[in-house]
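Undergrad: What follows is a structure written as structure tokens; I'll ask about it next.
The values are calculated or read from the model by the stated rules, or taken from the named source; none is laboratory data. As the structure is a prediction and not an experimental result, all values here were calculated from the model. In this analysis, Cβ positions are derived from the backbone assuming ideal geometry, glycine residues included, and neighbour counts consider all displayed protein chains. For accessibility, only protein heavy atoms count, side chains too; no ligands or nucleic acids. Shrake-Rupley method; radii C 1.70, N 1.55, O 1.52, S 1.80 Å.
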Amino acid sequence: MNLPRLSNIAARRIFLDRHALLETPQGAADSTGLLSLIERLGFVQLDSINTVARAHDLILFARKPRYRTDDLKRLYERDNGLFEHWTHDAAVIPISYYPHWEMRRTRDSAKLRKQWRSWRRDGFEEQLQGVLDHIRENGACGSSDVGQGEKRGSGGWWDWHPSKTALEYLWRSGSLHVVGRQNFQKRYDLAERVLAPQLHSPDRALTEAQTIEWCCSGALDRLGFATSGEIAAFWAHVTSAEAKGWCMDALKAEQLEEIEITGTDGTLKRVFARPNLCDDPSTAQAAPQRLRVLSPFDPALRDRKRAKFLFGFDYRIEVFVPQAKRVFGYYVFPLLQGDRLVGRVDMKAFRGENTLRVRAIWPEQGVVWGKGRHAAFEAELDRIKKLAGVENIEFEDGWLRPSAQHQF
């Protein structure tokens, strides 16, 4: 059977459109505009590394250049438009989606209690009631406000004190709610105290079938096309078997069809899509030529295999790679221009020196780093330095490197 087929350029355009990267970056970053964007993406991953800007800030900035860090904090903490929980990693998510995390919280309640009991072995369960009582009496708190006198290690996620583990467990399982961050440290309060009743009322709880439908349908709409495994991985709520079952049922009901997408090397991949995706208007829309710096955790890039298939962009983050074994650098940013990932840049904001320093740029193979592209890059740096909180830009000697060789 001959399946409908998307060319590589058409597949890229659909994928970029679903990730709000096909249109010219613009628009207000007020709470209304920002919430609309996050709803379109589904969520925004949080990360603490701040070499230029934190991941969540750069994700939003790449789509709305008027965005500043206080905009997200305002939407999250003042306007209560977002909540924090886990997808594939820690993320901020539109608050209206909160009921769809009940299945995740229920499953985590059993899974994490068993895992962490074995992993921690420090009696965190004995601290659960005490932590709840402390917050009930004293209000929102952070991990430094509980567990006084308990053994504390280096402070890494792997070295929590027992009451910190209890806080995280109570949050992941639903008794606590994160109400914001102070110096990037979470602040926890009682879910029953800070959430609107309709968001967590047992009488309004969704069934697992309803949640699986919402997750799978929403994932596919935000990806454009996907395998069942990619659908399962999007929110990381449903199992691979549940996503595959949803796809098969939707296929039989003619709510989905199978199509083929073409990779950069000409190979074909079979995926699920909404009917008539090949006629999607975005396939005829050229991407803007404005060059943009993307976060390594941008939602368009977090699936490294898909980025390599669609864009020929072989990428890994080398934060946890020993320095001597790094190919590019500690925290290297992908560069998007048009519908191509044209290179990667190693740069860092030295705020004490009021300077954004570019250490190295590696164009992708076949990409010429000429005057026009460099001017586009400098224009992006001029925009991004405001987000980074510096005024000056410097290029180190030898910053333009040979085309990136994919060595991972």
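Undergrad: Taking only pairs six or more apart or across chains, which ones have beta-carbon atoms under 7 Å, a first residue in region 68-84 that is open to solvent by less than 20 Å² (accessible area, probe 1.4 Å), and a second residue that is among the small types (Gly, Ala, Ser) and in a loop (DSSP other than H, G, I, E, B)?
TA: Cβ pairs passing all conditions: Leu75/Gly81.
Undergrad: Looking at Gln289, is it over 23 Å from Gly398 (Cα atoms) and surrounded by fewer than 15 Cβ atoms within 10 Å (Cβ to Cβ)?
TA: yes
Undergrad: Looking only at region 249-291, count every residue that is of a type outside the set (Ser, Thr, Tyr) and not in a loop (DSSP other than H, G, I, E, B) and tell me the total.
TA: Of the residues in region 249-291, 21 are of a type outside the set (Ser, Thr, Tyr) and not in a loop (DSSP other than H, G, I, E, B).
Undergrad: For Pro94, are the conditions met, namely being closer than 24 Å to Leu223 by Cβ, open to solvent by less than 10 Å² (accessible area, probe 1.4 Å), at pLDDT 95 or above and not hydrophobic (A, V, I, L, M, F, W, C)?
TA: yes
Undergrad: With the checklist (1) farther than 20 Å from Pro65 by Cβ; (2) in contact with a helix residue (DSSP H, G or I) (Cβ under 9 Å, 6 or more places away or on another chain); (3) open to solvent by 10 Å² or more (accessible area, probe 1.4 Å) in hand, flag the one item Phe313 doesn't pass.
TA: It is condition (3) that Phe313 fails.
Undergrad: Here's something else I'd like to know. Taking the criterion of being open to solvent by 50 Å² or more (accessible area, probe 1.4 Å), part of a loop (DSSP other than H, G, I, E, B) and touching a residue at least 12 places away in the same chain (Cβ under 8 Å), would at least one residue in region 227-242 satisfy it?
TA: For region 227-242, residues open to solvent by 50 Å² or more (accessible area, probe 1.4 Å), part of a loop (DSSP other than H, G, I, E, B) and touching a residue at least 12 places away in the same chain (Cβ under 8 Å): absent.
Undergrad: For region 172-192, name all the residues that are assigned to a helix (DSSP H, G or I) and either free of Cβ contacts under 8 Å to residues at least 24 places away in the same chain or small (Gly, Ala, Ser) (or both).
TA: Ser173, Ala191, Glu192
Undergrad: Could you tell me whether region 398-408 includes any residue that is surrounded by fewer than 19 Cβ atoms within 10 Å (Cβ to Cβ), under 30 Å from Ile14 (Cβ atoms), touching a Pro at 6+ places or on another chain (Cβ under 6 Å) and not aromatic (Phe, Trp, Tyr)?
TA: Yes; the residues of region 398-408 include at least one that is surrounded by fewer than 19 Cβ atoms within 10 Å (Cβ to Cβ), under 30 Å from Ile14 (Cβ atoms), touching a Pro at 6+ places or on another chain (Cβ under 6 Å) and not aromatic (Phe, Trp, Tyr).
Undergrad: Also, quick follow-up: Sort out which residues of region 329-368 are among the polar types (S, T, N, Q) and open to solvent by less than 10 Å² (accessible area, probe 1.4 Å), and write them in order of number.
TA: Residue satisfying the conditions is Thr355 alone.
Undergrad: Working only within region 48-96, note down all residues that are under 11 Å from the mean Cα position of the chain (by Cα) and farther than 15 Å from Ala388 by Cα.
TA: Trp86, Thr87, His88, Asp89, Ala90, Ala91, Val92, Ile93
Undergrad: Additional query: Looking only at region 16-52, which residues are crowded, with 16+ Cβ neighbours inside 10 Å and closer than 21 Å to Thr283 by Cβ?
TA: Within region 16-52, Leu16, Asp17, Arg18, His19, Ala20, Leu21, Leu22, Pro25, Leu41 qualify.
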